[in-house]
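Right, one structure below, let's go through it.
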């Protein structure tokens, strides 16, 4: 395994001597722009669609919003930070017709290149610079003096400096504080989708809902069922983040650990075929095709599933617990 690079190992020069346009000002776009400016990268344009609700936020943060076409025409580097599923339309309609020859293209995920939503010309550096975590955490961890682990990859190196640009970009958004590692677009795309679908989101939510339903069916109150299958997830996640899985086991009760070891094997055997099917689905490109098709239909499938999830009974139980906790906390203390 490659050793990580840190801030001291990375030269920001390849980024500082180029004009960079960030496309999109959501959680990633805003965090990247603010962090880069704080690190001394100041030649930054923010490209927004005409009806973007982010315009006021861009201006309040001290940047000048420009159209997507203007951003593409005036930049040496374009970082495409809008939603993955929107990349093809942004590229076809705004970047490709306006970009100057030799312009570099940066992605924060491998999705669009690995699944060929975009096929850039040969004169283009095609760079992956992925901070591993939510966009908001890129900024919040930076403000605390830290950063997220970053991964860089190069799909095309037209300039001969693509690797240096990738590393400089990650260092400029704070990843050099936590460590920067090499990867590929294919590896990042598969790991990101599988990790989120099968473990961090889909798997976790499936286990939580199934556990909640089984406890309620066994006569446990919805309040207690919610606490023990959803509410306490944060505490376990924090322990794993701080100590690893082995360290988490050492920190919980022996009763919980003994039972966990007994059920982990059967659960893994039960979900293994599901995980294998997900890997096959993702690597074949079938998931990407379904998701892009749903996006083209105004996310009809996504919104239907979101509405269905909202109606699960554990949501009402959780809402009651959160309201009760807020009432118990009361207003902040004031001097007498």
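The values are calculated or read from the model by the stated rules, or taken from the named source; none is laboratory data. Remember, it's a predicted structure, so these values are computed and weren't measured experimentally. Counting neighbours? That spans all protein chains shown, and the Cβs are built from the backbone with ideal geometry, glycine included.
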**Prompt:** Only one of (1) touching a strand residue (DSSP E or B) at 6+ places or on another chain (Cβ under 8 Å); (2) more than 25 Å from residue 180 (Cα to Cα); (3) surrounded by 14 or more Cβ atoms within 10 Å (Cβ to Cβ) fails for residue 57. Which number is that?
**Reply:** (1)
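What residue, of 222, 257, 213, 232, is in contact with a helix residue (DSSP H, G or I) (Cβ under 6 Å, 6 or more places away or on another chain) and under 22 Å from residue 313 (Cα atoms)?
Going through 222, 257, 213, 232 in turn, just one is in contact with a helix residue (DSSP H, G or I) (Cβ under 6 Å, 6 or more places away or on another chain) and under 22 Å from residue 313 (Cα atoms): 222.
Would a scan of the range 264-271 turn up a residue that is under 21 Å from the mean Cα position of the chain (by Cα) and surrounded by 11 or more Cβ atoms within 10 Å (Cβ to Cβ)?
First, pick out the residues of the range 264-271 that are under 21 Å from the mean Cα position of the chain (by Cα): none.
Scanning the range 264-271 turns up no residue that is under 21 Å from the mean Cα position of the chain (by Cα) and surrounded by 11 or more Cβ atoms within 10 Å (Cβ to Cβ).
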**Asked** residue 243 is checked against (1) without any contact (Cβ under 8 Å) to a residue 12 or more places away in the chain; (2) surrounded by 13 or more Cβ atoms within 10 Å (Cβ to Cβ); (3) within 28 Å of residue 280 (Cβ to Cβ) and fails just one. What number does that condition carry?
**Response** (3)
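Among 198, 191, which is at pLDDT below 95, surrounded by 19 or more Cβ atoms within 10 Å (Cβ to Cβ) and either touching a helix residue (DSSP H, G or I) at 6+ places or on another chain (Cβ under 9 Å) or assigned to a helix (DSSP H, G or I) (or both)?
Values: 191 fails: surrounded by 19 or more Cβ atoms within 10 Å (Cβ to Cβ).
The conditions single out 198.
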**Message:** For the range 24-83, give me every one of the helices (runs of 4 or more DSSP H) that falls completely inside it and has 1 or more residues that are in the same structural domain as residue 166 (by TED's automatic domain parsing), in contact (Cβ under 8 Å) with a residue 12 or more places away in the chain and under 20 Å from residue 143 (Cα atoms).
**Reply:** 27-38, 55-60
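Can you find a residue that is touching a strand residue (DSSP E or B) at 6+ places or on another chain (Cβ under 7 Å) and in a loop (DSSP other than H, G, I, E, B) anywhere in the range 210-227?
Our first condition is that a residue be touching a strand residue (DSSP E or B) at 6+ places or on another chain (Cβ under 7 Å); within the range 210-227, this holds for none.
No, the range 210-227 has no match at all.
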**Request:** Could you list all residues from the range 50-65 that are out of contact with any helix residue (DSSP H, G or I) (no Cβ under 9 Å at 6 or more places or on another chain) and more than 14 Å from residue 82 (Cβ to Cβ)?
**Result:** 55, 56, 59, 60
**Item:** Residue in the range 94-113 that is out of contact with any strand residue (DSSP E or B) (no Cβ under 7 Å at 6 or more places or on another chain) and within 21 Å of residue 187 (Cβ to Cβ) present
**Value:** yes
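On the given criteria, is residue 32 within 22 Å of residue 180 (Cα to Cα) and modelled with pLDDT under 95?
Values: within 22 Å of residue 180 (Cα to Cα): yes; modelled with pLDDT under 95: no.
No: the conditions fail for residue 32.
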